[in-house]
Amino acid sequence: MGKRFNPAFRILALALMALSVAACGPLPRPFKTAAEAPPNPLVIEAAALGVWVQPLDGTTLPMSKLLGESIVEGFKRLGIRATQNESTNSRYQLKGKAKLNQDDPSIPYVMVIEWTLFDFDGNIIGIANEGVPGSRKEWDFGSPMVITEIGNSAPALIAAMIGDDEKALEPARPLLAGLWIDPIEHAPGDGDISLTRAIKIAIKGAGVNFARDRGHAEFVLQVRVSLDPPIDRLERVEIVWSVLTSDGREIGIARQENLVEAGTFSGAWGEGASIVATAALKGIEGII
């Protein structure tokens, strides 16, 4: 027979069952084991390097969508993660505005697109202008030639901005390798010890190399566990896993949260620590 769950987690399972019935639908359970859990909507991955391509202004919605898809594929060919999905946590945001070329008819461009690259916080990284060859008819009707041309040229322009930004953020430093896990502090019950141990075991089992010390780590993993005051004998627990570079720059997070019976995490976490660590592992691996 397999190992039995900690009694506290049997109580948790009953509490979740009652809540899901009351809500007339399934409640996500981010603390399931990997074998029984579907892809977890409560684990949020953030790309170490990624671009959110926003809809292009100055054109029709269908044309904007086609151009966005072409640009995303262009970024991928350059080895840069890109998406049109707003909900994805990307380090960069790309916004474009297309204008009819009426200022200088001597240049062979029907449109001019002004591209603005923002960082995660909305600060401008750089601005570049791109001329669009072809006729007004080809632009208006979404010529494949025009769409392909922009899909190739725009990512190349933006990749140069990203390269300059990355160089500015990365001064000369010693050779870095592996992952360092900061000890967990201020978790309820014995979470500081048990969850730290569980995530080390999970990460080692996934084949991720550990750094020999924090100063030579390529990535640092930090964990924060918080509990809200109980309401109707239930507490909201949130566990945030943050991945940082060696210089302290956060490049991604994985977040878990749920409602549990008050006191569930007040004592020994037991097998619950392994369940939490296993559920978080996919999100952490997606970042590093």
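Picking from Gly96, Gly68, Gly79, Gly122, which residue would you name as being out of contact with any Gly (no Cβ under 6 Å at 6 or more places or on another chain) and part of a strand (DSSP E or B)?
Values: Gly68 fails: part of a strand (DSSP E or B); Gly79 fails: part of a strand (DSSP E or B); Gly122 fails: part of a strand (DSSP E or B).
Going through Gly96, Gly68, Gly79, Gly122 in turn, just one is out of contact with any Gly (no Cβ under 6 Å at 6 or more places or on another chain) and part of a strand (DSSP E or B): Gly96.
If I filter the range 37-64 down to residues being assigned to a strand (DSSP E or B) and β-branched (Val, Ile, Thr), which single residue comes out as modelled with the lowest pLDDT? Full working, then the answer.
Taking the range 37-64 first, the residues assigned to a strand (DSSP E or B) are 46, 50-53, 57.
If we keep only those that are β-branched (Val, Ile, Thr) too, we end up with 51, 53.
Details: Val51: 91, Val53: 95.
Only one residue tops the list, namely Val51.
Quick one: how many residues across the range 56-65 are under 24 Å from the mean Cα position of the chain (by Cα) and either outside the structural domain of Val112 (by TED's automatic domain parsing) or touching a residue at least 24 places away in the same chain (Cβ under 8 Å) (or both)? Looking only at that region, the number is 1. When the range 82-92 is filtered for residues that are of a type in the set (S, T, N, Q) and either crowded, with 19+ Cβ neighbours inside 10 Å or not in a strand (DSSP E or B) (or both), the ones remaining, listed by number, are Gln84, Asn85, Ser87, Thr88, Ser90. On the basis of being within 22 Å of Thr88 (Cα to Cα), touching a residue at least 12 places away in the same chain (Cβ under 8 Å) and either buried (at least 16 other Cβ atoms within 10 Å of the Cβ) or not aliphatic (A, V, I, L, M) (or both), does Asn258 make the cut? Here the answer is yes, as Asn258 does meet what is asked.
Please find, within the range 254-288, the residue that is nearest to Val51 (Cα to Cα) out of those that are assigned to a strand (DSSP E or B) and aliphatic (A, V, I, L, M). Lay out the reasoning, then the answer.
Residues of the range 254-288 that are assigned to a strand (DSSP E or B), as a first pass: 254-261.
Then keep just the ones that are aliphatic (A, V, I, L, M); that gives 254, 259-260.
Working: Ala254: 19, Leu259: 33, Val260: 36 Å.
My answer is Ala254.
The sole residue among Arg214, Arg236 that is out of contact with any helix residue (DSSP H, G or I) (no Cβ under 7 Å at 6 or more places or on another chain), surrounded by 14 or more Cβ atoms within 10 Å (Cβ to Cβ), outside the structural domain of Thr88 (by TED's automatic domain parsing) and not β-branched (Val, Ile, Thr) is Arg236. Here the range 221-253 is the region considered, the condition is being touching a Lys or Arg at 6+ places or on another chain (Cβ under 8 Å) and part of a strand (DSSP E or B), and the residue that is farthest from Gly283 (Cα to Cα) is Leu227.
Identify all residues within the range 188-220 that are of a type in the set (S, T, N, Q) and assigned to a helix (DSSP H, G or I); write none if there are none. Working first, answer last.
Initial filter on the range 188-220 (of a type in the set (S, T, N, Q)): 194, 196, 209.
Within the range 188-220, Ser194, Thr196 qualify.
Scanning the range 261-288 for residues that are closer than 18 Å to Glu185 by Cβ and either among the polar types (S, T, N, Q) or crowded, with 21+ Cβ neighbours inside 10 Å (or both) yields Phe265, Ser266, Trp269, Ala273, Val276, Ala277, Ala280. In the set (1) within 18 Å of Asn129 (Cβ to Cβ); (2) of a type outside the set (S, T, N, Q); (3) at pLDDT 90 or above, Asp104 fails one condition alone, (3).
Scanning the range 242-272 for residues that are touching a Gly at 6+ places or on another chain (Cβ under 7 Å) and under 30 Å from Leu176 (Cα atoms), which turns out modelled with the lowest pLDDT?
The qualifying residue modelled with the lowest pLDDT is Ala254.
The values are calculated or read from the model by the stated rules, or taken from the named source; none is laboratory data. Predicted model, so just to flag it, every value in this text is computed and none were measured. With ideal geometry, Cβ positions are generated from the backbone for all residues, glycine too; neighbour counts draw on all protein chains shown.
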